[in-house]
Amino acid sequence: MLVVETIGRIRREHAVKGKPIRQIARDLRLSRNTVRKILRSEQTAPVYQRAVQPRRRLGRWKADLDRLLATNAAASPRERLTLIRVFEELRELGYEGSYDAVRRYARRWGREHAGQTAAAFVPLSFAPGEAYQFDWSHEIVVMNGATTTVKVAHVRLCHSRMMFFRAYPRETQEMVFDAHKRAFAFFRGACTRGIYDNVKTAVDTIFIGKERQYNRRFLQMCNHYLVDPVACTPASGWEKGQVENQVGLVRERFFTPRLRVKDYDELNAWLTDRCVAYAKAHAHRNGRSKRCGRCSRRSGQAWCRIAARSTAFTRCRHRSRRPAWCASTIISTRSMRAPSAGRSRSMLTPTVW
């Protein structure tokens, strides 16, 4: 059997020492055809590839094995058979060959049909003001000299890719309400549909398909903003892939290296400035000449204006010809200090980019 050392010696004997093919074959006890083939091909390593793979025992059972493999691949993951079970079923049909032959053929069959059975994902497109996505992430900052894990609420507009994120000490329902209020004030409106995880602050019970029993206070918030909530399928993060990607982007760009702040007010003020700066600097995926902030501002006519009055968790101030932003949110004094009246008034002014 040829090895790399033998090929190297043949090439050196012929090129350096000038020995003829007959002498090299006699010294190394190889055939002259083998030596001649190595010198003509100029190969430096042995290459062997069988042109035809004989399947003497498996040949006549190939059609039955293809049928068994195709049926097994089409079954649900819970109902699929192992290769040893496929081999046993083929033996019951009369196959007398070995299991290794079946295993090698099944692996090759799986590689050939991998492209045919792969799941296809169609990129989702959203109309202006149609939907937004909401998610939480955990980030680490140095707050007032102590290492603190903060919970960051992420809101992402699906059409314009405009992002908003804000830090909180917990993921309670009051924090969810406050994040929505500030996000919609930042965006100057609310979308018609919201895409969420199956978190306890929003979903009480998960049924088959997309049927959910939502939390009563969470539904009150959605009714106030005229939002139709939609919960993702469990363990299917791609259904809200935009906000999932935003979590990684925000962590890489804005929380690395570790931030050092005094309190949540300073942290959230800096994060809001980063939202505006990112929207001004980055182009929209549907056009390089468009910016996320400009695309979001142009699609504002399709957003829902808040006209309902909610008594569950907010007090709303109505203005003529302008959306009614929430003036304050009831937040537990043990979790976060409620904003003062002066800060609530400044919060009603939408951010201008």
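Just so it is clear, none of the values below were taken in a lab; they were calculated from the coordinates. Computed from a predicted structure; not experimentally measured. Please note: Cβ atoms are built from the backbone with ideal geometry, for glycine as well, and neighbour counts cover all protein chains shown.
A convex hull fitted around the alpha carbon atoms of segment 33-106 yields 143 Å³ per residue.
Peptides 167-173, 133-139, 206-212 ranked from most to least packed by the mean count of surrounding Cβ atoms within 10 Å: 133-139, 167-173, 206-212. The alpha carbon convex hull volume per residue for segment 72-196 rounds to 212 Å³. Sites listed here are trypsin sites (Lys or Arg not before Pro) in segment 231-269 whose DSSP assignment is loop and whose Cβ has at most 16 other Cβ atoms within 10 Å: Arg258, Lys262.
Less than 5 angstrom separates the built amide H of Ala190 from those of Cys304, all sequence-distant by 5 or more or on a different chain.
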